[in-house]
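A.B. asks: Handing you a structure now.
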Amino acid sequence: MKRYSIFSLARNALTGHKDWHKVWRSPDPKPYYDAVIIGGGGHGLATAYYMAREHGLTNIAVIEKGWLGGGNTGRNTTIVRSNYLFDASAHLYEHALKLWEGLSAELNYNVMFSQRGVMNLAHDQHEARDLIRRTRANQLNGIDAEWLDRDAALAFCPVLNGDPGIRYPVYGSTLQRRAGTARHDAVAWGYARGADAMGVDIIQNCELTGFDFDQGRITGIRTTRGSIRTPKVGVVASGHSSLIADMAGIRLPLESHPLQALVSEPVKPIIDTVVMSNAVHAYVSQSDKGELVIGAGIDHHLSYTQRGGFDVVETTVAAVVELFPIFSRLRMMRQWGGIVDISPDASAIISRTPVDGLYFNCGWGTGGFKATPGSGHVFADLVANGRPNALCAPYTLERFSSGALVAEHGAAAVAH
């Protein structure tokens, strides 16, 4: 793999940029791999990358039904933070945030990670008590977290509406300064490039159609491009995990909901942080192109349509305009939905299954993108070694029968 640098950019500029190498190959599937990862989004590609880099497993494949990053990786609002309430969540997301901080350098690919800070607004005394509790819990876990009173919050983000008479006045806010945003497709492409360079086969337009088993152990998969023998399969298929689990005769404790987002026309820099409000189900940041990136709460009905209801868009825009009257005349340019899998405790499932050799990484709800490096890192360890490490251990399927839940509904920023 040729490294990207100012020198390679200048050298290729002299030849009209005709000599750049392909970022990854497009191989045909081989009849056998030591492991196969189902899903070519950020989590799946990160899993393959860390399996190759840290566990020496290079005879592996990532198969993707569509194109790389075309699922939830390309359909989220790119927020990265680690200020979750419970120890298990805080440790996993902080692990991911530390990987984010060095990811561009490690992959030699600019993922445009911008640590511009994330604010979680409180609109009344009750919300403030909950957020201050979370701030203190974060600090005890060594995570940077601050509580800003009303005046400090308005000073940090001057475009917020400071009128105390609105429906949801700004009462205060948490602030995590190391949090921010990243470029979603760059993350997928960077991991794909790194994994390909270590020999991982990345196979697009290859749909899983079934599994092969022998005496309770997985022996292979069937795809639209033929059968593949393998002793290990890791499934990282975001909103469609339940459908794939059904192929293996497994019922996962998940619900699948549309989660919508929209972007405005581009404007000059106006907001240099991320603002989130659980109460009004909205969050806002500004992209490098100048568009306002706005996220909503989930549609409450179950669905696999990547569109969502117009009522959610209407409610979200109304809330955003109330919080930011300066945005009231902006035109919205695009709207879309992604499918999020939500578990009963609003935390991920990173687990072995009753089928030996079959593993699932799913149920991230609205928190998937921010966890991408950490999710891939711990899942690679699980698939490679067959047992969960300390960060991964709280997220097994067994917690739903033991009662050892990781209940993060309150810290998800938008209500589940």
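The values are calculated or read from the model by the stated rules, or taken from the named source; none is laboratory data. As the structure is a computational prediction, the values presented were derived from the model and not from experiment. Cβ placement follows ideal geometry from the backbone for every residue including glycine, while neighbour counts extend to all protein chains displayed. With ligands, DNA and RNA removed, areas are computed over all heavy atoms of the protein, side chains included. Shrake-Rupley method; radii C 1.70, N 1.55, O 1.52, S 1.80 Å.
A.B. asks: Contour minus end-to-end for R116 and E398, with contour as 0.36 nm per residue of separation and end-to-end as the Cα-Cα distance?
C.D. replies: Value of the extension gain: 97.8 nm.
A.B. asks: At what distance in nm do the modelled label points of D288 and D130 sit from each other, each positioned 7 Å from its Cα along Cα→Cβ?
C.D. replies: My value for the distance between the label points is 3.5 nm.
A.B. asks: Report, largest value first, the span of the C-alpha coordinates of the stretch 244-284 along each principal axis, in whole Å.
C.D. replies: 52, 24, 14 Å, listed from the longest principal axis down.
A.B. asks: What whole number of Å gives the distance from the Cα centroid of the stretch 1-79 to the Cα centroid of the stretch 319-366?
C.D. replies: With the stretch 319-366 and the stretch 1-79 each reduced to a Cα centre, they are spaced 23 Å.
A.B. asks: Give me the orientation-averaged projected area of the Cα convex hull of the stretch 88-133, in nm², one decimal.
C.D. replies: 4.3 nm²
A.B. asks: Ranked from the most accessible area to the least, with a 1.4 Å probe and all protein chains present, what is the order of R222, R167?
C.D. replies: Solvent-accessible surface, decreasing: R167, R222.
A.B. asks: Stick to Cα atoms and the Kirkwood definition of Rh, then tell me Rg/Rh for the stretch 1-103.
C.D. replies: Answer for the stretch 1-103: 1.04.
A.B. asks: Write down the radius of gyration of the stretch 211-260 and its Dmax, each obtained from C-alpha positions, in Å.
C.D. replies: Answer for the stretch 211-260, Rg first and Dmax second: 12.7, 42 Å.
A.B. asks: Hey, what D do you get for the stretch 53-124 in µm²/s if you plug the Kirkwood alpha-carbon radius into Stokes-Einstein at 4 °C and 1.567 mPa s?
C.D. replies: 84 µm²/s
A.B. asks: Compute the convex hull volume of the Cα atoms of the stretch 57-97, divide it by the residue count, and report the result per residue in Å³ as a whole number.
C.D. replies: Taking only Cα atoms, the stretch 57-97 has a hull volume of 124 Å³ per residue.
A.B. asks: On alpha-carbon atoms, Rg over Rh for the stretch 122-185 using Kirkwood Rh?
C.D. replies: On the Cα set of the stretch 122-185, Rg over Rh gives 1.03.
A.B. asks: Also, quick follow-up: Just the number: Rg to Rh for the stretch 214-306, Cα atoms, Kirkwood Rh, two decimals.
C.D. replies: 1.17
A.B. asks: Oh, and also: List the equivalent ellipsoid semi-axes of the stretch 175-248 in whole Å, largest first, each obtained as the square root of 5λ for an eigenvalue λ of the Cα gyration tensor.
C.D. replies: Listed largest to smallest, the semi-axes of the stretch 175-248 are 30, 17, 12 Å.
A.B. asks: I would also like to ask the following. Could you work out the mean projected area of the convex hull around the alpha carbons of the chain, in square nanometres to one decimal?
C.D. replies: That works out to 20.5 nm², a quarter of the Cα hull's surface.
A.B. asks: Within the chain, which DSSP H helices have Cα atoms that stretch 15 Å or more along the helix axis and a mean Kyte-Doolittle hydropathy of at least 0.0?
C.D. replies: In the chain, the long hydrophobic H runs are 310-323, 372-385.
A.B. asks: Do any trypsin sites (Lys or Arg not before Pro) in the stretch 312-358 lie in a DSSP loop with no more than 10 other beta carbon atoms within 10 Å, and if so, which?
C.D. replies: Those that pass, being in a loop and sparsely packed, are R329, R331.
A.B. asks: For the modelled label position 7 Å from the Cα of T219 along Cα-to-Cβ, which residues of the stretch 29-61 have backbone nitrogen atoms closer than 18 Å?
C.D. replies: From the stretch 29-61, the list is 31-36.
A.B. asks: Moving to a separate point now. So if R0 is 25 Å, what FRET efficiency would R177 and A279 give, r being the distance between their Cβ atoms, rounded to the nearest 0.05?
C.D. replies: Using R0 = 25 Å, I get an efficiency of 0.65.
A.B. asks: Would you mind calculating the gained length between H300 and K2 on full extension (0.36 nm times residue separation, minus the Cα-Cα distance), in nm to one decimal?
C.D. replies: 102.6 nm
A.B. asks: How big is the stretch 135-264 by the Kirkwood estimate over distinct Cα pairs, in Å?
C.D. replies: Computed over Cα pairs of the stretch 135-264, the Kirkwood hydrodynamic radius comes out at 20.3 Å.
A.B. asks: Could you check how much of the accessible area of the chain is carbon and sulfur, as a whole percent, using a 1.4 Å probe?
C.D. replies: 53 percent
A.B. asks: Using 7 Å Cα-to-Cβ label points, what is the K98/S26 separation (nm, one decimal)?
C.D. replies: Taking the two extended label points, one gets 4.0 nm.
A.B. asks: Related question: Please compute the Kirkwood hydrodynamic radius of the stretch 204-361 from all pairs of different C-alpha atoms, in Å with one decimal.
C.D. replies: After inverting the mean inverse Cα-Cα distance, the result is 18.2 Å.
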